[in-house]
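Report on the structure given below.
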Amino acid sequence: MSFFRPFVLLASLAFVGACGFRPLYGGGQAGGVSANLAAIQIQPIAERTGQLLHNHLLDLLNPRGRPTAPRYQLRVSLQESIEKLVVRKNAFATRANFNLSAKLRLYTIRGGKVDTGELVFDEETRTVSSYNIMNAEFATLMTEKDAKSRAARQIADDIRTRLSLFFLQMQAAAQKTGK
């Protein structure tokens, strides 16, 4: 049985390579997706959840630090709400959802100014993170804080994926036109 594992692995790699698969963040090209992500300047985001999202985005888009010569500016606005779900007979909720939605806009930076740049990407993403409402107020605050942190990380991952696909499509369009 162990003889077939390497064979299946090699066959699946050959199949994946034949269908045009290429890594999203790798590839070694100077103008690749990772290079474009690293050239994004992230505007500060309001509120504590916005600070969490901002820090996650900094780590995900450019782990080496802030760009010295950014080519893009990302602006994110957040909307958050809490929805109480499970209600006991005594009218106290025991479960809640933290809803987080983000409106993201990516602008080009021309001549060191965003004002002269154009809007190149405009999307919205949202996530829901559930948590328990405990009898102890401090415990509830901690579970809510954890839900906000998880939601910010999920939104940051989604933003990175969406921006990566945008840059990949942009590169594919540029290759087709010969630029």
Checklist entry - Is it true that some residue in the stretch 63-73 is assigned to a strand (DSSP E or B) and either under 16 Å from the mean Cα position of the chain (by Cα) or surrounded by 12 or more Cβ atoms within 10 Å (Cβ to Cβ) (or both)? => result yes
Checklist outcome for this item: Taking the stretch 127-158 and the residues there that are part of a strand (DSSP E or B) and surrounded by 16 or more Cβ atoms within 10 Å (Cβ to Cβ), the one that is nearest to the chain's Cα centre (by Cα) would be Thr127
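For the structure I just gave you, tell me whether Phe121 is surrounded by 14 or more Cβ atoms within 10 Å (Cβ to Cβ), on the phi < 0 side of the Ramachandran plot and either modelled with pLDDT of 90 or more or not in a loop (DSSP other than H, G, I, E, B) (or both). Talk me through it step by step, then tell me what you get.
On the way: surrounded by 14 or more Cβ atoms within 10 Å (Cβ to Cβ): yes; on the phi < 0 side of the Ramachandran plot: yes; either modelled with pLDDT of 90 or more or not in a loop (DSSP other than H, G, I, E, B) (or both): yes.
For Phe121, the condition - surrounded by 14 or more Cβ atoms within 10 Å (Cβ to Cβ), on the phi < 0 side of the Ramachandran plot and either modelled with pLDDT of 90 or more or not in a loop (DSSP other than H, G, I, E, B) (or both) - is met.
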Checklist entry - Would a scan of the stretch 75-85 turn up a residue that is without any contact (Cβ under 8 Å) to a residue 12 or more places away in the chain, within 26 Å of Met142 (Cβ to Cβ) and assigned to a loop (DSSP other than H, G, I, E, B)? => result no
Checklist entry - Looking at the stretch 131-179, which of the residues that are touching a helix residue (DSSP H, G or I) at 6+ places or on another chain (Cβ under 7 Å) and hydroxyl-bearing (Ser, Thr, Tyr) is farthest from Asn99 (Cα to Cα)? => result Ser164
Checklist entry - Within the stretch 49-57, can one find any residue that is farther than 17 Å from Asp158 by Cα, in contact with an Asp or Glu (Cβ under 8 Å, 6 or more places away or on another chain) and surrounded by 19 or more Cβ atoms within 10 Å (Cβ to Cβ)? => result no
Next on the checklist: Which residue is modelled with the lowest pLDDT, if the candidates are limited to the stretch 36-95 and must be of a type in the set (Gly, Ala, Ser) and under 19 Å from Arg110 (Cβ atoms)?
Outcome noted: Ala69
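The values are calculated or read from the model by the stated rules, or taken from the named source; none is laboratory data. Here the structure is a predicted model, which is why all the values come from computation and not from measurement. Quick reminder, even Gly has a Cβ in these numbers, built from the backbone with ideal geometry, and neighbours come from all protein chains shown.
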